[in-house]
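Let me begin by presenting the structure, written as structure tokens, before commenting on it.
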Amino acid sequence: MLELKNVSFAVDGDGGEKEIVRDLSLTVDDGKFVVITGPNGGGKSTLAKLIAGIEMPSEGQILLDGEDITSLGVTERANRGIGYAFQTPVRFKGIRVFDLLKIASGQSLKLQEACDYLSEVGLCAKDYIEREVNASLSGGELKRIEIATVLARKTRLSVFDEPEAGIDLWSFQNLVRIFEKMQTETRDSSIIVISHQERILNIADEIVVLSGGRIERQGSRDDVLPKILGTDAAVDACTRLSGRG
């Protein structure tokens, strides 16, 4: 379980200190698929980086399974089971896809196991396993390889920052399918996705609306999504998705 207690994050600007995240408290239970959404500039990506340890809070506490990890960096948090997927995946010239998956797993990884992870994200293993993670790969390919590294890591908590950014429609449809599969297989681990996309919001267990660095609304998909979309169609869609229609 992830707990954020009264977390704030501020940066220095021309006009003095600017608060990006303000006294935010949030709990993500085990086995939950949580989507964080809201207007641009609301603090969503900053919150994802605070959870991953890329940024450190100005105030407050972050706990994972009861352990205070507030002062731990990104590597230490990764060792405790937190995975993070960047909005724009990093390209690693000279590193093969197989090498990247081995590094992500943190242990000896057999070739067949690496191929299985690529297959999970819809990539033909024989076409990608020996390729370099460089500019020859498209945004959609890089995104799926990055998700494969998260799967290889077997994380307790996976954080995805706007995974739909920079990918084509076909890749996005596959991305949603991957998340749906991860959701059905999630029991002890949790998933947090930063997203504006309705199709991703539609598969969430819980939705958190962040605005101005604060939680504006939080609750189940059935409760929150109709209020975000503001249409009767959204209510009907939620009913169908929950199996009540």
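The values are calculated or read from the model by the stated rules, or taken from the named source; none is laboratory data. Keep in mind that what you see is a predicted model, and the values were worked out from it rather than measured. Please note: Cβ atoms are built from the backbone with ideal geometry, for glycine as well, and neighbour counts cover all protein chains shown.
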**Prompt:** Any residue in segment 186-199 that is surrounded by fewer than 22 Cβ atoms within 10 Å (Cβ to Cβ) and part of a helix (DSSP H, G or I)?
**Reply:** yes
**Message:** Residues that are within 19 Å of VAL28 (Cβ to Cβ) and without any contact (Cβ under 8 Å) to a residue 12 or more places away in the chain: does segment 178-198 have at least one?
**Reply:** yes
**Asked** Does at least one position in segment 56-72 carry a residue that is under 21 Å from HIS196 (Cα atoms), touching a helix residue (DSSP H, G or I) at 6+ places or on another chain (Cβ under 6 Å) and either modelled with pLDDT under 95 or not hydroxyl-bearing (Ser, Thr, Tyr) (or both)?
**Response** no
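With the condition kept exactly as written, say whether any residue in segment 109-130 is closer than 22 Å to THR37 by Cβ and at pLDDT below 85.
Kept after step one, since they are closer than 22 Å to THR37 by Cβ, are these residues of segment 109-130: none.
No, that holds for no residue.
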**Message:** I want to confirm something. Restricting to segment 215-229 and keeping residues that are of a type in the set (Val, Ile, Thr) and either part of a helix (DSSP H, G or I) or over 20 Å from the mean Cα position of the chain (by Cα) (or both), which single residue is surrounded by the fewest Cβ atoms within 10 Å (Cβ to Cβ)?
**Reply:** ILE228
**Asked** Can you tell me which of LEU137, LEU142, LEU210 is modelled with pLDDT of 80 or more and assigned to a loop (DSSP other than H, G, I, E, B)?
**Response** LEU137
**Request:** Filter segment 1-49 for residues that are surrounded by fewer than 14 Cβ atoms within 10 Å (Cβ to Cβ), on the phi > 0 side of the Ramachandran plot and assigned to a loop (DSSP other than H, G, I, E, B) and give the result.
**Result:** GLY41
**Asked** Taking segment 152-173, which residues are in a helix (DSSP H, G or I) and within 15 Å of PRO89 (Cβ to Cβ)?
**Response** ALA152, ARG153, SER171, PHE172
**Message:** Going residue by residue through segment 108-119, is there one that turns out to be crowded, with 19+ Cβ neighbours inside 10 Å, in a loop (DSSP other than H, G, I, E, B) and not small (Gly, Ala, Ser)?
**Reply:** no
**Complete:** Filter segment 120-134 for residues that are crowded, with 16+ Cβ neighbours inside 10 Å and in a helix (DSSP H, G or I); the one that is nearest to the chain's Cα centre (by Cα) is GLU120
**Prompt:** Somewhere in segment 136-146, is a residue closer than 23 Å to ARG187 by Cα, surrounded by fewer than 17 Cβ atoms within 10 Å (Cβ to Cβ) and either of a type outside the set (A, V, I, L, M) or in contact with a His (Cβ under 6 Å, 6 or more places away or on another chain) (or both)?
**Reply:** no
